[in-house]
1. What's the exposure ranking of A:ASP72, C:ASP469, going from fewest to most Cβ atoms within 10 Å?
2. Provide the gained length on full extension for the span C:HIS185 to C:ALA442, in nm with one decimal, where the gain is 0.36 nm per separating residue minus the Cα-Cα distance.
3. With +1 on each Lys and Arg Cβ and -1 on each Asp and Glu Cβ, how big is the dipole of chain C about its Cα centre, in debye rounded to the nearest 20?
4. Do the alpha carbons of any pairs in C:LYS311/C:LYS487; C:LYS284/C:LYS401; C:LYS124/C:LYS160; C:LYS284/C:LYS381; C:LYS290/C:LYS381 sit beyond 23 Å of each other, and which pairs?
5. Once R0 is set to 51 Å, what does the formula 1/(1 + (r/R0)^6) return for the Cβ-Cβ distance between A:ASN186 and A:PHE35, expressed as a FRET efficiency to the nearest 0.05?
6. In peptide B:53-63, how many Cβ atoms from other protein chains are near each Cβ within 10 Å, on average?
7. Pulled fully out, how much extra length does the chain show between B:GLU67 and B:LEU17, if you take 0.36 nm times their separation in residues and subtract their Cα-Cα distance?
8. Between C:SER327 and C:VAL149, what length in nm is gained on full extension when 0.36 nm per residue of separation is reduced by their alpha carbon distance?
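Computed from the coordinates by the stated procedures, all read-outs in this text should not be read as laboratory data. Worth saying up front: this structure is predicted, and the values here are computed from it rather than measured. Heads up, the Cβs are rebuilt from the backbone with ideal geometry, glycines too, and the neighbour counts pull from every protein chain shown.
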Amino acid sequence: MAAAQAVPSSRRRFRSMEFVIGLLFAGTMTLAVLFSGFLFPDGGESMDLMARLVPPFTDPAHILGTDPLGRDVLARVVVGGRISLMVGVLSVLGAVVVGTLVGLVAGYYRGVAEVFLMRFADVQLALPFILLAIMFLAILGTGIDKIIFFMIVAQWVQYARLVRGSVLALRDREFILSARAIGVGNGRIIFHHILPNVLGPIVILMTLNVATNILLESSLTFLGLGVDPLIPSWGGMLADGRTYLQSAWWVSVFPGLAIMVTVLGLNLLGDWLRDLLDPLGQTNK
Amino acid sequence: MAGFILKRLLQAIFVILAVTLIVSFAIRLSGDPAIMLTGAGSVTEKDLENIRQALGLNRPFLVQYLEFLSGIARGDFGRSFMGGTPVSLLISKALPSTLLLAFASLAVSIAISVPLGVYAAVKRGKWPDQVIRVLSLVGLSFPNFWLAIMMVLFFSITLGLLPPSGMEGPESFIMPALTMAIILTATNVRLVRTSMLETLSQQYIMVARSKGLRDRVVLYKHALRNSAIPLVTYIGLQFGSLIGGIVIVERVFNWPGMGTLAFDAISARDYPVLQGSITVLALFIVLINLVVDIAYGLIDPRIRTE
Amino acid sequence: MRISRTFKALGLAAAVALAPLMASSAQAAGTVTVALAIDAGSWDPIDTFIVDWASVGNNIYDGLTSRGPDMKLKPGLATSWEFLDDNARIRFKLRENVKFHNGEPFNAAAVKFTFDRLLGEEGKKGPQQSNYNAIDRVEVVDDNTVDFVMKQPDPVLLTKLAGYGAMIVPPQYIKEKGDEYFNTHPVGTGPFKFVSYDPKVNITLEANADHWGGAPKIDKVVYRMIAEANTQVAELQAGRIDIATLVPFGLAPTIEKAQNLSLVSITGPTAVALRLNTKNGITKDVNVRKALIMGVDRDAIIKAVLLGHAKPIASFQSELSFGYDPSLKPVPFDLAKAKQMLQQAGVQPGAPLKIDFRGNDATFREVAQAAAGFFQALGLKPTVQPYESPVLLNDIIPNGKTGEAWHNSWGGWTFDYDNTAYLMYHSGEKWNPYDNDPKLNALLEKQRTVYDVKEREKILQEVGRYVADQAMEIPLYNQNTLYGVNKRLKNFDPPSDRRFRFTDVTVE
């Protein structure tokens, strides 16, 4: 029974296993999505009411079959990744920028900014997330921009707390103190000395949150608050296909697999990054 | 220490006040319950005005909000706009259902993740560790509504084993709790594994081993007990996100809980029910965080100064 | 029934050992279980408008008139009626020897109490009063005769007396127990008596053997609240409910295929249209609107998306509706001509067309996309925007914030085109955010004062033709009501408006 001290070579191999599978899954899906315009110039929108619900692997023109409106499932699965990845990536980028800035300021200067941040975070943690989303989208109306905006509002606090915590741990460390002693400005200290040191945990959280947000988009669609159903999206296909699970499984199983492969890939990469960058486990999520 | 507890208590009260204010305000922006109540009928503005009057909605927001607050202080959450049932009655029926489901989910998740996490830690770096970690992440990679529907199709329709929805006997807990648990398990396996690895590398475990205690005894009696503290803390904190995520699972399984109550209240713009249910949920989350915080403060004095 | 109780008494462990887990609480002989999407919250007739209320209320209460599955008006608690004083007074003869479930006698005083309550302060708080505002007061003539004195004529009054707010309630009981208690412990004269109510979970009724219409043949009706369509159908497949009321068209084949189930598809009152924005965008031009109507292949949509469970319509009403004009035919699909008309109207290719719809309507989600497909074929750039229903109904439509087209699905429980047309086309109405057409206003106002059936029908048909001529909407289809029903139910003849009555139903 090998306990604490594992053989280094097997550890490395294990890490690279996670990395390889993660990269393979997330990478393949991302590439397919990026080239979807080239692969499927019609954007998966061509409709043929006479060829609805063609089963998969029966018609070479529709390898993965067609949906209830006679649209090609393969094309929609590939093109559908655009919305899902866009929502996932943009929302996370937005949250990172806002959250990191606030976290840096709060952690470095402390004072009012910090009190405000911490109380705001408390309030947000006490509000049930999905209910907040429904109310929010009810007031603003639905749309990709609003869904992204909402995710930013809901998630920036995570980054802010994370960054603040790291800054608190760093601000009294030797190298910061000496930088300050030789007259380095606050802005420079924050961006040149502190920020690089908190990057690791942020990247991990980002990877995991892209995955979370892809799933979230599909949940919102399930509740009827998703984006324009004409534009293919994994969440939308999954939610709409649920009525057909018993009669035409392929309509929702393939987008489901696409989500799973992508999200699993991202989660594996996130996990791998965590082992690499954050062995102390600050980013338990 | 008393100062620390007082400070945390004041913060908790602030959070609750902020939550009530946000919810009361936001829901009032999102639509007129009088129109919801009359549906698609042939109503005139005067009819609507009458209904608003009866519901007390034509008074200033601040008056309505303060009335809601003073109601809470008296334990009175008002009455549902739909049918006039006291909100406290609706909550007293829904809250136990949700809490039971939440506890069941946590229990299932712990039952799955502790052995898996321990095993993964023991087999660190070997293939069982890899398989466990990858598999636990697979559970995290499905939207939960989809997982729930698939389970219903398999267990209820194909096999005819479990009831597809509702809360009746113990058997109706299986699928909803499993759906929630699968999502929690990914995190918990990781947590157990990490803290086990930490404990296993500590001196006294080595000593215990060198004394020739059997591995299993060492693992479960010594190591696991010491990993339990961070685990329990984290699970306490998980409770909040668990309740948030429960909305969708409750909907698919038609679970008569707080998520269903609040969701229906949003759809009907039933202000009192929504305000009441979200406030109670928030109270729960804040309370658990408070307890965890204070417990931590007792264990680790450094946190108090933060 | 008794057997099942014994099972429960034996405890769950025994039930588990004896039967598959899910059968433990399945229906006993003589019980019908119905799934409803929404819990009305109060079972008082004046508190609600929700269809799901009526699925229950129609078994607890009786109205003065009643309406069967064939949608024909029949005597209810009134055995006959006559119009007096130039229609300003309607005299009802009441059924004798009828008792409420609590033993209280039904008589003229109960009718007066019911309507005083509906039209007075208590009714003001709810949504039902506005349906009955044409009534001035009810006068007791003798114990078994009442007069309705009208403020203004209401041609559909007799229909309205068969539904919702006009259900007769027990005066003594309400006075003694109070309105609040009555909300959750309803008492009426109907074929089933209230037993228990668990909010958001279920409501249970039992047979009223003394009902004037004959004793029901089953012992019990249980209504379970299940909001998700998939869950309703799963429960139906598992044999735990007998009737699913929420059946999206996509699930129809699943029910049809199941051996123990049957799909009931009946012509109902629900009409579905894409209303058009006559004020802004390309739809401002009547010729463009006509081209759009012509460019959508509604037969194809009915066949492919609705699987044939719908009929094409030419105006915003079903053929069951009073005012339906059989001579008005739907505009036939002609893509080439529609394209040409758009060109002549000067519409640029790629012109935007936005369709707003209720995001939670699974069936219309597909219809909207199919319609958008046809608009795309016309060279337009369609988008479809899902909304949460309250937002669409409260804000987007009434405040004129819609796109070029919006989804409107209309039940019309009075089966009278007036109930649709007035609200849709008269200026100032909530459902008419854009138009103010004096000619249409005049027609709509006029028919409300006419009692002569033929004359009124003629005016309503004229309204239908005028609206079609102005192309104010794309009339899509008259949608069937779908139920999933367990085959063990016999003699179940469901009405299309979900107002079931389970008197004659038997179970195997």
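1. On the way: A:ASP72 27, C:ASP469 11.
Least crowded to most crowded, the residues run C:ASP469, A:ASP72.
2. Values: separation 257, 0.36 × 257 = 92.52 nm, distance 4.56 nm.
Here the segment from C:HIS185 to C:ALA442 would lengthen by 88.0 nm.
3. Numbers: 57 positive and 59 negative charges, 229 e Å.
Magnitude of the dipole: close to 1100 debye.
4. Details: C:LYS311/C:LYS487 26 Å; C:LYS284/C:LYS401 15 Å; C:LYS124/C:LYS160 18 Å; C:LYS284/C:LYS381 17 Å; C:LYS290/C:LYS381 18 Å.
Exceeds cut-off: C:LYS311/C:LYS487.
5. Details: r = 45 Å, r/R0 = 0.88.
Calculated value: 0.70.
6. Details: counts 2, 5, 1, 0, 0, 0, 0, 0, 0, 0, 0.
Across B:53-63, the average partner-chain Cβ count within 10 Å equals 1.
7. Working: separation 50, 0.36 × 50 = 18.00 nm, distance 1.33 nm.
Separation in residues times 0.36 nm, less the Cα-Cα distance, equals 16.7 nm.
8. Details: separation 178, 0.36 × 178 = 64.08 nm, distance 3.74 nm.
Difference between extended and current length: 60.3 nm.
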